[in-house]
Amino acid sequence: MRDFLPAEKKRRERVLGVIRERYQAHGFDEIETPVMEDSERLHAGLGGDNEKLAFGVLKRGLTHEEILAAEEPLDLVDLGLRFDLTVPLARFYASHRAELPTVFRAIQMAPVWRAERPQKGRFRQFVQCDIDIIGEPGIQAEAELLVATLATVDALGLADATIRINDRRLLTGMLAALGFEEYEYDSVLITIDKLDKVGIDGVAAELRSREVTPDAVAALEEFFLRPQTLEWLPFGEAAIRKALPPDPDPEVVSELVALGEAVGAARGGTEVLVFDPFLVRGMGYYTGPIFELVHPSAPYSLGGGGRYDGMIGRFLGSEVPATGFSLGFERLVDLVEPLVDETTASVALVHDAEVPLARLLGLQAEVLAGGNRARLVRRAKNTKPQLEGLAVEGFTSFAFVTSETTDADSLEFRPLD
């Protein structure tokens, strides 16, 4: 968890502002949810391995005897810090469905918490930027999400981004074709999700250590090593079918092909989708298309998401289709070139000590009335490092204020390089 100095905080807010503006331009509305949720909700089996990383909040007023009698730590917890924004959104929608449109397009931009070991680009407190569409069962929802996300990345100056895509139904179909038992699917997918980190041998070794169906593990190893598995083709039906075992679900393949055509058309015919047969996404709540955003400048994904049709029904009692995309803000902000705030000039009024306070505040008010940002700064003996520091903080110009300065018209503004 980190502190942010003013310059970095300003930089982060500008990036968030661009993301928010682009999402809103594509028809999404921003909501806010509490940082804490009921512990039972956070540990309902919807968050995959992230449930293990949830920070818990102890029940108030626990006695020593109650603490000793607890069979496991979760018995002492009734609330927890959210580990993502999707579980809170599902609870939000279930609570406010009557007040929302039939198809609801939501923005959430807020911090989340995970009790994990920090590594490059990952923190225990970090910001997620989510867009979700609830109530739309067809691929129009996925298409809108992907187009809005790519437009946002464009606005941040990150051209050449692509989206890896798969479908959980194709993944389970692949496991069935290779001979895995249905009860093994979840654990096998969790292991396959580590493919980028541990490689083919690592995946196979972990599956064997779990005593997963041996013939299926051998078939998976052989499948990994097929020449056509590693061959890249332009996104389309041929690429999808060639990357999978024979006879994949034709309806799912058709949906992905149609999704690719729609997104490609919106992007002026540019190829921005890549089919990845081993893209898993660790969350256990995904039920359909899943995707990850990648960029040539980063060795890791910059965001991802997918369809989670079963989640809201857990809270509402009736099934509601839903899909979402989350930008990894902490990773993204490190790649974005500094954004210039062209809307407001930042002015420093560098004043001598003897200038009356009432006059200083009057001058500041005049500068503010012109639509500028203004700060009063007492003049140092050596102004050069002082002015350099103001430039680093984002101030664009300054003016010296002396005892002879009477009004803003008499100020001589100079640029800060």
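The values are calculated or read from the model by the stated rules, or taken from the named source; none is laboratory data. Only a predicted model underlies this, so the values are computations on that prediction, with no experimental measurement involved. For neighbour counting, all protein chains shown are included, and Cβ atoms are generated from backbone atoms with ideal geometry for every residue, glycine included. Note: areas computed on protein heavy atoms with side chains; ligands, DNA, RNA excluded. Shrake-Rupley method; radii C 1.70, N 1.55, O 1.52, S 1.80 Å.
Per the Kirkwood definition applied to all pairs of different Cα atoms, how many angstroms is the hydrodynamic radius of segment 211-290? All intermediate terms of the calculation are to be shown ahead of the outcome.
Working: mean 1/r = 0.0698 Å⁻¹.
Mean inverse Cα-Cα distance, inverted, gives 14.3 Å.
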Sequence of Lys59, Lys52 from largest to smallest accessible area, 1.4 Å probe: Lys52, Lys59
³J(HN,Hα) computed for each position of segment 65-80 - Karplus, 6.51 cos²θ - 1.76 cosθ + 1.60, integer Hz, glycine/proline x: 5, 5, 5, 5, 7, 5, 7, 8, x, 5, 5, 9, 10, 10, 10, x
Size of segment 298-372 as Cα extents on the principal axes (Å, biggest first): 69, 37, 20
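Probe radius 1.4 Å, ligands and nucleic acids left out: which of Thr405, Thr396 has the largest accessible area, and how do the rest follow?
Working: Thr405 10, Thr396 65 Å².
These residues rank, largest area first, as Thr396, Thr405.
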0 to 90° range, to nearest 10: angle between helix 6-25 axis and the chain longest Cα axis: 60 degrees
Spacing of the two label points (7 Å from each Cα toward its C-beta) at Thr270 and Ala115, in nm: 4.3 nm
Separation between Cα centres of segment 93-123 and segment 147-196, rounded to whole Å: 20 Å
GluC sites (Glu not before Pro) restricted to DSSP loop in segment 110-149 with at most 14 other C-beta within 10 Å: Glu116
Ser410 accessible area, assembled protein chains, probe 1.4 Å, Å²: 70 Å²
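In nm, what is the difference between 0.36 nm times the number of residues separating Leu76 and Ala358 and their Cα-Cα distance?
Here the segment from Leu76 to Ala358 would lengthen by 95.8 nm.
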Sequence-distant residues sharing a close amide H with Phe398 (under 5 Å, placed H): Ala348, Arg414, Leu416
Dipole in debye (nearest 20) - the chain, about Cα centre, beta carbon charges: Lys, Arg +1; Asp, Glu -1: 1340 debye
For segment 183-190, 3J(HN,Hα) per residue [Karplus equation, 6.51 cos²θ - 1.76 cosθ + 1.60, θ = phi - 60°, Hz, x = Gly/Pro]: 5, 8, 4, 4, 5, 5, 5, 4
Of Cys129, Leu332, Phe398, farthest towards positive along the dipole that unit charges on Lys, Arg, Asp, Glu beta carbons give the chain: Phe398
Nitroxide proxy distance, nm - points 7 Å out along Cα→Cβ at Asp249 and Phe123: 3.8 nm
For segment 270-309 and segment 380-415, distance of Cα centres in Å: 50 Å
Cα-Cα over 30 Å, subset of Lys59/Lys197; Lys10/Lys384; Lys9/Lys59; Lys10/Lys381: Lys59/Lys197; Lys9/Lys59
Label-to-label distance, nm, for residues given as Glu13 and Glu222 (7 Å Cα→Cβ offset): 6.1 nm
Most positive-pole-ward Cα, Pro111, Val280, Gly236, against dipole of the chain from beta carbon charges: Pro111
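Relative contact order for segment 278-417: what is it in percent, counting Cα pairs under 8 Å that are at least 6 residues apart? Can you show the working numbers first?
Values: 200 pairs, mean separation 25.0, N = 140.
For segment 278-417, the relative contact order is 18 percent.
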Amide H contacts under 5 Å for Gly303, placed H, 5+ residues apart: Leu293, Gly328
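So, with +1 on the Cβ of K and R and -1 on the Cβ of D and E, and no other charges, what is the size of the charge dipole of segment 319-411 about its Cα centre, to the nearest 20 debye? Provide the component values of the computation, followed by the final result.
Numbers: 8 positive and 14 negative charges, 84 e Å.
Once rounded to the nearest 20, the dipole reads 400 debye.
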Compactness of segment 1-159 - radius of gyration and Dmax, Cα, Å: 18.4, 59
Accessible area expressed per residue, segment 374-417, with surrounding protein chains retained (probe 1.4 Å, Å²): 66 Å²
Whole-Hz ³J(HN,Hα) from phi, Karplus 6.51 cos²θ - 1.76 cosθ + 1.60, for segment 291-300, glycine and proline x: 8, 9, 8, 10, 9, x, 7, 10, x, 10
Cβ-based charge dipole, segment 1-77, positive-most Cα from Leu74, Ala44, Gln24: Gln24
Cα long-axis angle, helix 357-369 against the chain (0 to 90 degrees, to the nearest 10): 50 degrees
The chain - mean residue ellipticity at 222 nm from DSSP helices (-39,500 (n - 2.57) per run, n ≥ 4, rounded to 500): -12000 deg cm²/dmol
Amide hydrogen neighbours beyond the local backbone of Val77, cut-off 5 Å, H modeled: Lys59
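Nearest 20 debye, what's the magnitude of the dipole of segment 135-227 about its Cα centre given +1 on Lys and Arg Cβ and -1 on Asp and Glu Cβ?
Working: 8 positive and 18 negative charges, 32 e Å.
Computed charge dipole of segment 135-227: roughly 160 debye.
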Modelled FRET efficiency - R0 25 Å, Leu5 with Lys197, Cβ distances, 0.05 increments: 0.15
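Do any trypsin sites (Lys or Arg not before Pro) in segment 122-176 lie in a loop, going by DSSP, with at most 16 other beta-carbon atoms within 10 Å of their beta carbon, and if so which?
Working: sites: Arg122, Arg124, Arg164, Arg168, Arg169; in loops: Arg124.
For trypsin sites (Lys or Arg not before Pro) across segment 122-176 that sit outside H, G, I, E and B with at most 16 neighbouring Cβ atoms in 10 Å, the list reads Arg124.
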